[in-house]
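Below is one structure, written out as structure tokens; comments come after it.
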């Protein structure tokens, strides 16, 4: 682990967090985007559309050599010159030499992230050719000497006042900060460039193997001007932009603008094939197909799905980390979740490492990706690679490999912590102030104290009276339920017993391994998976219930993935996955018993927070709401109910508490705006984060697990 690099990255985060205006702008855009996108997809089946894209892109990857050759053959037959560039330097050299050969003094460019990837402008300047960006956002950041902070909206981090100041310097007169006026200024300043340019440079959203043509999907007319007015047109295209047929191209065009900006259709779709007449001469079309790490990405079984990406930028639009720190911090050249992966393969792991650690793992990007890329899973694989190459740090290595793998030692230390914490808990179940260099962790939220007795102890003294149980279920507590919130486990027993379900607690269960996995220590995660598979199956339960969705995902998905290649463990892991279910889903879907709580509660205005791994990992969000309403509560939806609360396990404690704090601030604001007196959720981690934030604000709003609300209703009935 590179400590200096991490320190430098934290400093950049602190600088951005000191600019609240940036967060306001990114949140305003993010909120408007979700509304526009929802409207754009209102009459479409997004899941079907993105499945089509994923399937088509996988076909391209599997048949890339043939499709690439087909494209080259057809493009050259139409009069284009095609050059295959292995590296960024290779592509830049070809284009710069072409500019020299043509005596080009000026090149006009439309927006191209690939040219940002290769640093083409710098190479052209060295060769004596001025590069003029003609996309409005790109021109703005060119004047500012910056790089794009978003793949589709490059200047989204800037404000009209900043832009007016830049334009005033460019024109030599004071330009008012009025958007229509600033757009007109840009038109006037850029217009002559198209007429004077010797070369026009564009990217391409799609390259069609069937025709040898390229497609530009844009919102401004500059790409058409840049590709038609100069006598030489250069298109710099990543080799992953290939699609087999025109029909496949239309599939991309149908989904891209909707997912990128929430538009039904973009302003301009330009189809270009071969050389065309130009002022009495034949125009030159040079297509530079760039590899630059893409072939290596295709050869990675864990990461290759990233080649499905159509560069819509939606993964950033919904990312809580991006909305907090922006693309200049949460990105290298490419930004957001996909940017992390592309950076690792195009610009090296060293440039990607801090971005990988800055990802909170909320899976918002996965749910919105139009190519069905499991971005979080790929980033987890990069965490493992970085952990293997750089280490995970001495502290984490000690905790995970020496302590956590040894269940008895791990649990003994947690029991000891319940005694050692007394000077800071002062007899309370809450830690309000931590001393010394830990103090910042309790400046913005309280933390739960380690329980005097863990769930694994108290559940043994908890009487269960179920004469004829429908099912006998094992409870997988997880660390938080076991050692921080044992009362939640007892409430689950109360609820299950009321439904004629008997609960037992396997004593050999250990941490689910997610903290280790998210830190890059997959070896420990695998060892813990084995321990838990044996522990949870030992009593032959009908089902395994969880109250923590992160643990649910671990038992249902991660354990199977970890052990799939081990014949001695694979079948057992699959068996455990089959019988593991979250508590709310079990009550509603397995037992069909939501009505058992009908009108038991004294009505309270309750809002619901969707835990990231419950909704986007397990696929459960309606069931808790049904239980809350059936019990007699007045359910009111908060804004952004499924936006991350900022917990992320160790993310909020050791990795990036400064980002976690800002994400929580947004969640607390949404809770307050709902007018609810209680916020419910189904994740102990989210409880820790949200309850801690509410307590620090001295809020009267209660934070409760859905199971706690049901148990309260049952107790009130008695």
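The values are calculated or read from the model by the stated rules, or taken from the named source; none is laboratory data. From a predicted model like this one, the values you see are computed outputs, not experimental measurements. When we count neighbours, we look across all protein chains shown, and the Cβ atoms used for this are built from the backbone with ideal geometry, even at glycine.
Brief remarks follow.
- Residues within the stretch 73-88 that are crowded, with 19+ Cβ neighbours inside 10 Å and under 27 Å from residue 332 (Cβ atoms), tallied: 2
- Just one of (1) closer than 26 Å to residue 256 by Cβ; (2) out of contact with any strand residue (DSSP E or B) (no Cβ under 9 Å at 6 or more places or on another chain) fails for residue 120. It is (2).
- Condition check for residue 447: under 21 Å from residue 551 (Cα atoms), in contact with a strand residue (DSSP E or B) (Cβ under 7 Å, 6 or more places away or on another chain) and either at pLDDT 95 or above or surrounded by fewer than 21 Cβ atoms within 10 Å (Cβ to Cβ) (or both): yes
- Test: residue in the stretch 121-128 that is crowded, with 20+ Cβ neighbours inside 10 Å, in contact (Cβ under 8 Å) with a residue 40 or more places away in the chain and not in a loop (DSSP other than H, G, I, E, B): no
- Strands (runs of 3 or more DSSP E) lying entirely in the stretch 222-338 (those with 3 or more residues that are closer than 30 Å to residue 349 by Cα): 232-238, 284-290
Here is a yes/no grid of residues against (1) in contact with a strand residue (DSSP E or B) (Cβ under 8 Å, 6 or more places away or on another chain); (2) outside any loop (DSSP other than H, G, I, E, B); (3) modelled with pLDDT of 95 or more:
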{"residue": "342", "(1), (2), (3)": "no, yes, yes"}
{"residue": "352", "(1), (2), (3)": "no, yes, yes"}
{"residue": "356", "(1), (2), (3)": "no, yes, yes"}
{"residue": "362", "(1), (2), (3)": "no, no, yes"}
{"residue": "380", "(1), (2), (3)": "no, yes, yes"}
{"residue": "389", "(1), (2), (3)": "no, yes, no"}
{"residue": "424", "(1), (2), (3)": "yes, yes, no"}
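- Only residues that are in a strand (DSSP E or B) and under 17 Å from residue 137 (Cβ atoms) were counted across the stretch 187-206, and they come to 2.
Listed here are the residues, each with its yes/no results for (1) surrounded by 19 or more Cβ atoms within 10 Å (Cβ to Cβ); (2) over 16 Å from residue 135 (Cα atoms).
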{"position": "154", "(1), (2)": "yes, no"}
{"position": "159", "(1), (2)": "no, yes"}
{"position": "163", "(1), (2)": "yes, no"}
{"position": "168", "(1), (2)": "no, yes"}
{"position": "180", "(1), (2)": "no, no"}
{"position": "184", "(1), (2)": "no, no"}
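- Any hit, the stretch 13-30, residues being touching a strand residue (DSSP E or B) at 6+ places or on another chain (Cβ under 6 Å) and either assigned by TED's automatic domain parsing to the domain that holds residue 258 or not in a loop (DSSP other than H, G, I, E, B) (or both): no
- Residues satisfying the stated conditions in the stretch 207-216, i.e. surrounded by fewer than 24 Cβ atoms within 10 Å (Cβ to Cβ) and in a strand (DSSP E or B): 213, 215, 216
- Those residues of the stretch 492-510 which are touching a helix residue (DSSP H, G or I) at 6+ places or on another chain (Cβ under 6 Å) and buried (at least 24 other Cβ atoms within 10 Å of the Cβ), in sequence order: 492, 495, 503, 509
- Among the conditions (1) surrounded by fewer than 19 Cβ atoms within 10 Å (Cβ to Cβ); (2) at pLDDT 95 or above; (3) in a helix (DSSP H, G or I), residue 596 misses just one, which is (2).
- The listed residue being surrounded by 17 or more Cβ atoms within 10 Å (Cβ to Cβ), part of a helix (DSSP H, G or I) and not assigned by TED's automatic domain parsing to the domain that holds residue 342, out of 91, 131, 107: 91
- Within the stretch 455-489, tally of residues that are in contact with a helix residue (DSSP H, G or I) (Cβ under 9 Å, 6 or more places away or on another chain), part of a helix (DSSP H, G or I) and farther than 22 Å from residue 553 by Cα: 4
- Residue 174 falls short on exactly one of the conditions (1) surrounded by 14 or more Cβ atoms within 10 Å (Cβ to Cβ); (2) assigned to a loop (DSSP other than H, G, I, E, B); (3) without any contact (Cβ under 8 Å) to a residue 24 or more places away in the chain, and that condition is (1).
- Lone qualifier among 447, 475, 455, 460 - being within 19 Å of residue 654 (Cβ to Cβ) and assigned by TED's automatic domain parsing to the domain that holds residue 542: 447
- Scanning the stretch 669-688 for residues that are in a strand (DSSP E or B), more than 26 Å from residue 24 (Cβ to Cβ) and over 23 Å from the mean Cα position of the chain (by Cα) yields a total of 2.
- Pairs are defined by a Cβ separation below 7 Å, a sequence spacing of at least 6 or placement on different chains, a first member in the stretch 79-92 that is at positive phi, and a second member that is modelled with pLDDT of 95 or more and surrounded by 15 or more Cβ atoms within 10 Å (Cβ to Cβ); the pairs so defined are 79/285.
- Matching residues in the stretch 301-318 - criterion: being over 17 Å from residue 333 (Cα atoms) and either touching a residue at least 12 places away in the same chain (Cβ under 8 Å) or in contact with a strand residue (DSSP E or B) (Cβ under 9 Å, 6 or more places away or on another chain) (or both): 302, 303, 304, 305, 308, 318
- Those residues of the stretch 611-641 which are within 23 Å of residue 545 (Cβ to Cβ) and in a loop (DSSP other than H, G, I, E, B), in sequence order: 611, 619, 620, 621, 631, 633
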